[in-house]
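The values are calculated or read from the model by the stated rules, or taken from the named source; none is laboratory data. Here the structure is a predicted model, which means the values were calculated and not measured. Note that we place each Cβ from the backbone using ideal geometry, even for glycine, and neighbour counts take in every protein chain shown.
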Amino acid sequence: MANPNSTQLAAPAENTYLRGQNVIHRYVQCEATAAAPVVWSNIKWIQSVVVGDPTYEETDVFMQGSKEKTKLRRNPVWPVTINVLNGKKAQVISDLLGYAWGSTNYVVPSNMSNDNPDVILESIFREEDNTTHVFSQVVQDLILDDSGMDIPMDYADGVINGHTYFPPFYVYTGYEAVYDVWDATPTTNTYTTSATPATAVVASSHDFWDYNNAAFIKQKDNSEGETVGNRLTSGAAIAGQTLTVTASPLATDKVYALYVKVSA
Amino acid sequence: MSVRQNMIEEDIEMCIYELLDEMTEGSAPWTRWTAKLGYPEEDVLKNLSTPVIYTETPRFIDEVKQQGGLGIGKYQMYMGAWDDRKTGGKKEINIISSRILNLFRNPQTVHTTTFTVILGATTYTDTDLMTMKIRIEGIQDLGEKATVDTKEFRQEYRLFIRA
């Protein structure tokens, strides 16, 4: 019998074989002081960032009179592990929590106070020249977890555990994540994004995505005692560089948007 | 633009050599040294008034494989530095060694420093290792090599290359 397919694939391009050594990681605080854009901070001392497979609450739903069942999958959680050079574990935890380690904060706890999102983490994959962008990985709404403290005899990585309830996503070559945060102006429904968002994904064909050109749009309503921004699944839109929220925010409210743009 | 897969070992060595040659034509202390393609014979070495940085032919050692097709080659290439001026001290060879390590350990510098190279009938002007599709994965200092005269100093390195 003749070989059904005698194609011999060409060798992969050099940038298909990447090392974590050439990845640079950076973050922004989820509850950053208002700025459009919020400036990213690079993280040194990283040994690896591991985003595990998500786990779900799964339920089988039966109906009387039927043999068939429906499987429901809800509430995904993606575990995230950040390995750092041990000597800088406290510094990195402090930085991610927004503490000024060594200047106004001299203690960082090993347990976390709440389940609120702490940072957005962007990992930028480059080629061997530490310059040419290949793609990026964004972990949105990363929440740091309580951690143990391990002091082995020999060199070891410091381990920082976390999780996110929202899917990490990849960003195309030549694009980068942007995080804009505004102090809301009363009765002002429109805000100007710092860059023109690129179309991210067709929201209607993906779970968890509500907007084609934003990973999320959040609003924090201080009159309701909210301490963090909450995702809007409707009543918001970005057209060009104009973000419009339907519910008029109050003076102390905040509006947030995470999207991607073409890199300069 | 890239190295030729059917001339890969020669092309890699030519590119690395031209990079080193470009460095020795740049600024001090590199300008105190001479780059040589291949391990210099002793009579050649005797006629040189400067320490030498030499390259040797890279050798294929492994492959980044994919199912159903060709892979990306991985190579190991020896290079070295030789100071036979018999000045009586190791200071200069130590400086050469430090500069070589600093060059090849800096991903941005080593992959984007420009040089001109002729591969076959084609001249690539102001190109760099990235453009020629050569990736330096690492360098290993192999230490001192024995010399006939104890007043000469020789140091060797192993480069890990993907192309």
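Given the structure, is A:Val51 more than 14 Å from every other protein chain (Cβ to nearest Cβ), out of contact with any Cys (no Cβ under 8 Å at 6 or more places or on another chain) and closer than 23 Å to A:Tyr172 by Cα? Full working, then the answer.
Working: more than 14 Å from every other protein chain (Cβ to nearest Cβ): yes; out of contact with any Cys (no Cβ under 8 Å at 6 or more places or on another chain): yes; closer than 23 Å to A:Tyr172 by Cα: yes.
Against the criterion (more than 14 Å from every other protein chain (Cβ to nearest Cβ), out of contact with any Cys (no Cβ under 8 Å at 6 or more places or on another chain) and closer than 23 Å to A:Tyr172 by Cα), A:Val51 qualifies.
Among the residues of the stretch A:84-92, are any under 28 Å from A:Arg231 (Cα atoms) and either surrounded by 10 or more Cβ atoms within 10 Å (Cβ to Cβ) or touching a residue at least 60 places away in the same chain (Cβ under 8 Å) (or both)?
At the first step, the residues of the stretch A:84-92 found to be under 28 Å from A:Arg231 (Cα atoms) are A:92.
In the following step, the residues that additionally are either surrounded by 10 or more Cβ atoms within 10 Å (Cβ to Cβ) or touching a residue at least 60 places away in the same chain (Cβ under 8 Å) (or both) were identified as A:92.
There is at least one residue in the stretch A:84-92 that is under 28 Å from A:Arg231 (Cα atoms) and either surrounded by 10 or more Cβ atoms within 10 Å (Cβ to Cβ) or touching a residue at least 60 places away in the same chain (Cβ under 8 Å) (or both).
Tell me the residue from A:Ala237, A:Ala264 that is without any contact (Cβ under 8 Å) to a residue 24 or more places away in the chain and either buried (at least 17 other Cβ atoms within 10 Å of the Cβ) or among the hydrophobic types (A, V, I, L, M, F, W, C) (or both), please.
Values: A:Ala237 fails: without any contact (Cβ under 8 Å) to a residue 24 or more places away in the chain.
None of the others qualify; the one that does is A:Ala264.
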Problem - Which numbered condition B:Ile134 misses (of (1) under 17 Å from B:Thr24 (Cα atoms); (2) in contact with a helix residue (DSSP H, G or I) (Cβ under 7 Å, 6 or more places away or on another chain); (3) not charged (D, E, K, R)) - result: (1)
Problem - Residues of the stretch B:54-108 that turn out to be more than 16 Å from B:Leu129 (Cβ to Cβ) and within 14 Å of chain A (Cβ to nearest Cβ), as a count - result: 11
Exercise for the section: Go through the stretch A:138-158 residue by residue and tally those that are buried (at least 18 other Cβ atoms within 10 Å of the Cβ) and not charged (D, E, K, R). Expected result: 7
Handout entry: Among the residues listed as A:Val23, A:Val38, the single one being within 14 Å of chain B (Cβ to nearest Cβ) and surrounded by 17 or more Cβ atoms within 10 Å (Cβ to Cβ)
Key = A:Val23
Problem - Residues of the stretch B:1-16 satisfying the condition of being modelled with pLDDT of 95 or more and more than 22 Å from B:Ala35 (Cα to Cα) - result: none
Practice task
Could you list, in sequence order, all residues of the stretch B:121-154 that are at the interface with another protein chain (Cβ under 10 Å from one of its Cβ atoms) and either part of a strand (DSSP E or B) or more than 19 Å from the chain's Cα centre (by Cα) (or both)?
Solution key: B:Arg135, B:Ile136, B:Glu137, B:Gly138
Problem - Odd one out for A:Leu18, checked against (1) without any contact (Cβ under 8 Å) to a residue 40 or more places away in the chain; (2) within 14 Å of chain B (Cβ to nearest Cβ); (3) surrounded by 11 or more Cβ atoms within 10 Å (Cβ to Cβ) - result: (1)
